[in-house]
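Participant: This is the structure I want to talk about, given as structure tokens.
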Amino acid sequence: MSGVGSPLSPQRRRFLQDSARAAGGCVAAGSLLAWLARDARALPAEALRPPGALPEQDFLSACIRCGLCVRDCPYNTLKLAELGVDAVATGTPYFTARDVPCEMCDDIPCVAACPTGALNPALDNIDDADMGVAVLVDQENCLNFQGLRCDVCYRVCPVIDEAITLETAHNTRSGHHALFIPTVHADRCTGCGMCEKSCVLPQAAIKVLPARLARGSSADHYRKGWEEKEAKGAPVVEGIIDLPDRLPGPGTDNLVTPGGFAPEYNLPGARQ
Amino acid sequence: MSARTHFPVGQEAIEAKGWLGAHKYLLLRRASQLLFLVLFLLGPWFGIWIVQGTLAGSLTLGVLPLTDPFVLLQSVVAGHWPELTALIGGLIVLVAYALIGGRVYCSWVCPINPVTDAAHWLHRKLGLPKGWQPKRGTRLWILATVLIVSGLSGVIAWELINPITMLHRGLIFGAGFVWAMIVAIFFFDLFVSRHGWCGHLCPVGAFYGLIGTKAMLRVSAPNRAACDDCMDCFAVCPENHVISPALRGKTGTTPLILSPDCTNCGRCIDVCAVDVFKFTHRFDDHVAAPSDPVPAPIQRAARPT
């Protein structure tokens, strides 16, 4: 360090100036690059990563964008994002379920091809894949919700009766039919997109979404009374008074339809 | 227009060695660049799968993995420890370039090289000023910046803009707007900065330069006594600061071009009419004794009218 009265030598002054300039340039360029890196993490909702892909943040630190998974995909499901065309981080693999869904090969060739582990080799059963979660997003247009037996999403599901089940419900429109509601079970759904691909509507009523959009989460402190009760084998609160249940029908406090809508003979205790 | 006092670059070499002889390494280099591209393209274009993947990572004949060590390094810095396949691939590439010269990648393999070479060729034809010339250490600063950003952001940072892998991947998998980036680099090298991209900025080149610091394969100037100061080698060399220490070295200094910046492109060998340069290994510091202690300057004809 130069003290007072001894000015910097020209060499040192120059060195410091050059270093400062270089460091400044690097901070500017690095900030731009970091901004790009931040941008790259914004994966569009309809772009699904291959099976076994690490969470997006980790994926971008692991994927070298070589395209070997794309090459080994026998159904040409996977493609590499093109610069400025696809909104996915350029050169990384993804697929669009509505175009070509994942066929869920048993040997998972894309994972086997990945040299870096961006597609986690620990995934050895394709049924454990977690590419996204199917969500029946449009109940108004879904044919099954209208009481028809389309069932296509259910039929094509590779994990049929586990990832998608048909749950029956009363058809209030006809009054005497059932609705067969396609119901996705997120813990079994692999996000392959067969349902979205096969939906017969011009725009799919069921779509595979990334888990961050598809799922809510239960709060840690929530307890379900019926589960607690079963676990305990007895009512959770001792000595609770069992009040009479409110019932629809005449003579009750049903304010929506005074006088009740259920025939009297249907009420418990009524005799025919 | 100022008077031209010398032949066009390489003219004397063409007269002395013939056109082919004066373009030997240039042609070999273009063939090599084409070969590496075609190897990758045979699969997607003709269904002949010799090499799969891209320059960032590939699989040859289903057995040989190759990985770009610079991409791998960024990946590690970003917090991912790659699987063994990628590590082996990276090690093979690392060892190969450590032996033959890291920047052999730049001049014999990299698909951006023909772009910047074309820009430089036109630059010379048009007689443009050299423009912005960043300091020599700039690309090392950029290299460090890329690694720091990779570490901070957890993303393999340079792959977000790396024109090398983008162009290569673009040709093999579909280009998108990569062409715009290539055009940008061409014009940058042509108008803004001579040898700007490959010679001053690209951190991939900087990285491979560091790998090849102790490389075996070197260009040497054993016949430097015969140099007639035509300056053609300086004109064609993409890193022409590497030439002086070898060519203009005092007696007793090594004739080897030992700078890691040298890309081993061999263009200096091509354009030298008196064959000063040759490829050799780094322990061959033999200097040919001058036939005439004081070499008579070769009289050059005036510019042909």
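The values are calculated or read from the model by the stated rules, or taken from the named source; none is laboratory data. Values in this document were obtained by computation on a predicted structure and should not be read as measured data. Cβ atoms come from the backbone with ideal geometry, glycine included; neighbour counts cover every protein chain shown. With ligands, DNA and RNA removed, areas are computed over all heavy atoms of the protein, side chains included. Shrake-Rupley method; radii C 1.70, N 1.55, O 1.52, S 1.80 Å.
Participant: What does the convex hull of the Cα atoms come to per residue for region B:235-277, in Å³?
Facilitator: 71 Å³
Participant: While we're here: Per DSSP helix of 4 or more residues, -39500 (n - 2.57); summed, then divided by the residues of chain A. What does that give at 222 nm, rounded to the nearest 500?
Facilitator: -7000 deg cm²/dmol
Participant: Continuing with the same structure: What residue among A:Ser198, A:Ser31, A:Ser19 has the largest mean-square fluctuation in a Gaussian network model of chain A, using Cα springs under 10 Å?
Facilitator: Of A:Ser198, A:Ser31, A:Ser19, the most mobile in the Gaussian network model is A:Ser19.
Participant: Hey, another quick one. Rounded, prolate or oblate, given the Cα gyration tensor of region A:84-233, with a/c below 1.5 counting as rounded?
Facilitator: oblate
Participant: Which of A:Ile64, A:Ile108, A:Ile240 moves the most in a Gaussian network model of chain A with Cα springs under 10 Å?
Facilitator: A:Ile240
Participant: Right, next: If contacts are Cα pairs under 8 angstrom and at least 6 residues apart, what is the relative contact order of region B:16-156 in percent?
Facilitator: RCO, region B:16-156: 23 percent.
Participant: Could you compute Rg(Cα) / (2.2 N^0.38 Å) for region B:116-244, with N its residue count?
Facilitator: For region B:116-244, the normalised Cα radius of gyration is 1.22.
Participant: Tally Lys and Arg at +1 and Asp and Glu at -1 over the other residues with C-beta under 13 Å from the C-beta of A:Cys26: what net charge comes out?
Facilitator: Spelling it out: positives minus negatives among the neighbours equals +2.
Participant: Here's something else I'd like to know. Excluding residues on the same chain fewer than 8 positions from B:Lys214, give the lysines whose Cα lies under 27 Å from its Cα.
Facilitator: Leaving aside lysines fewer than 8 places away in the same chain, those within reach of B:Lys214 are B:Lys24, B:Lys135, B:Lys250, B:Lys278.
Participant: If you don't mind, there's one more thing I want to ask. List the Cys residues of chain A that have no partner Cys with a C-beta closer than 4.7 Å.
Facilitator: If one checks each Cβ against the other cysteines of chain A, A:Cys26, A:Cys63, A:Cys66, A:Cys73, A:Cys105, A:Cys114, A:Cys142, A:Cys150, A:Cys157, A:Cys189, A:Cys199 turn up with nothing under 4.7 Å.
Participant: Residues of region B:37-71 with accessible area at least 40 Å² lower in the all-protein-chain context than alone (1.4 Å probe)?
Facilitator: When all protein chains are present, B:Gln52 each give up 40 Å² or more of accessible surface.
Participant: Excluding B:Ser244 itself, calculate the net charge of residues whose Cβ lies under 13 Å from the Cβ of B:Ser244, where each Lys or Arg counts +1 and each Asp or Glu counts -1.
Facilitator: Net local charge, B:Ser244 excluded: 0.
Participant: Answer rounded, prolate or oblate for region B:1-127, using the Cα gyration tensor with square roots of eigenvalues a ≥ b ≥ c: rounded when a/c is under 1.5, else prolate when a/b is larger than b/c, else oblate.
Facilitator: It comes out prolate by the Cα gyration axes.
Participant: Show that you can apply the helix-only estimate: for chain B, add -39,500 (n - 2.57) for every DSSP H stretch of four or more residues, divide by all residues, and state [θ] at 222 nm to the nearest 500.
Facilitator: Mean residue ellipticity, 222 nm, calculated: -13000 deg cm²/dmol.
Participant: Here's something else I'd like to know. Considering chain B as a Gaussian network with a 10 Å cut-off on Cα pairs, which listed residue, B:Gly137, B:Gly127, B:Gly89, attains the greatest mean-square fluctuation?
Facilitator: Between B:Gly137, B:Gly127, B:Gly89, it is B:Gly127 that shows the largest mean-square fluctuation.
Participant: Taking each full run of DSSP H in chain B as one helix, which ones are at least 20 Å long along their axis (Cα atoms) and have mean Kyte-Doolittle hydropathy of at least -0.5?
Facilitator: Answer set is B:24-41, B:84-100, B:138-153.
Participant: Let me ask you something else. Per residue, what accessible area does chain B have, given a 1.4 Å probe and all protein chains present, in Å²?
Facilitator: That works out to 47 Å² per residue.
Participant: Also: Where the only charges are on Cβ atoms (+1 Lys, Arg; -1 Asp, Glu), what is the dipole of region A:1-84 about its Cα centre, to the nearest 20 debye?
Facilitator: 480 debye
Participant: What are the residues of region B:136-184 that lose 40 Å² or more of accessible area, with a 1.4 Å probe, going from their chain alone to all protein chains?
Facilitator: Flagged in region B:136-184: B:Trp141, B:Thr145, B:Val149, B:Ser153, B:Val155, B:Ile156, B:Leu160, B:Arg169, B:Phe173, B:Phe177.
Participant: Under a Cβ-Cβ cut-off of 13 Å, what is the net charge of the residues other than A:Asp138 that fall near it, where Lys and Arg count +1 and Asp and Glu count -1?
Facilitator: -1
Participant: Tell me, what is the per residue accessible area of chain A in Å², probe radius 1.4 Å?
Facilitator: Here the per-residue accessible area is 60 Å².
Participant: Starting from the eigenvalues of the Cα gyration tensor, five times each then square-rooted, give me the equivalent ellipsoid semi-axes of region B:43-101, largest first, whole Å.
Facilitator: Output for region B:43-101: semi-axes of 22, 14, 10 Å.
Participant: With the Cα gyration tensor of the protein assembly as shown in hand, convert its eigenvalues to equivalent ellipsoid semi-axes via √(5λ) and list them largest first in whole Å.
Facilitator: Rounded to whole Å, the semi-axes are 69, 26, 21.
Participant: Here's a follow-up. From the Cα gyration tensor of chain A, with a ≥ b ≥ c the square roots of its eigenvalues, which class applies: rounded if a/c is under 1.5, or else prolate if a/b is larger than b/c, or else oblate?
Facilitator: Prolate.
Participant: Taking just the alpha carbons, could you work out the radius of gyration and Dmax for chain B, both in angstroms?
Facilitator: Calculated on Cα positions, Rg and Dmax stand at 20.6, 65 Å.
Participant: Longest span of chain B, sites excluded, free of trypsin sites (Lys or Arg not before Pro) in DSSP loop with at most 14 other C-beta atoms within 10 Å?
Facilitator: B:5-129
Participant: Let me ask you something else. From the gyration tensor of the Cα coordinates in region B:42-194, what semi-axes in whole Å does the equivalent ellipsoid have, largest first, with each one equal to sqrt(5λ)?
Facilitator: They are 28, 21, 15 Å, listed from largest to smallest.
Participant: Mean projection of the alpha-carbon convex hull of region B:130-180 over all orientations, in nm²?
Facilitator: Computed as one quarter of the Cα hull surface, the answer is 5.0 nm².
Participant: Counting only GluC sites (Glu not before Pro) that sit in a DSSP loop (anything but H, G, I, E, B) with at most 15 other Cβ atoms within 10 Å, what is the longest stretch of chain A containing none of them?
Facilitator: The reported range is A:1-102.
Participant: Right, another one. Please return the longest stretch of chain A lacking exposed loop sites, where chymotrypsin sites (Phe, Trp or Tyr not before Pro) count only if DSSP places them in a loop and at most 14 other Cβ atoms lie within 10 Å.
Facilitator: Here the longest run is A:76-221.
Participant: Sorted from largest down, give the three principal axis spans of the alpha carbons of region A:36-138, whole angstrom values.
Facilitator: 39, 36, 22
Participant: Sticking with this structure for a sec: How many lysine pairs are close in chain A, with Cα atoms under 29 Å apart and the two 8 or more places apart or on different chains?
Facilitator: The number of close lysine pairs in chain A is 4.
Participant: With a 1.4 Å probe on protein heavy atoms only, work out how much accessible surface A and B bury together, total over both chains, in Å² to the nearest 100.
Facilitator: Approximately 3100 Å² gets buried when A meets B.
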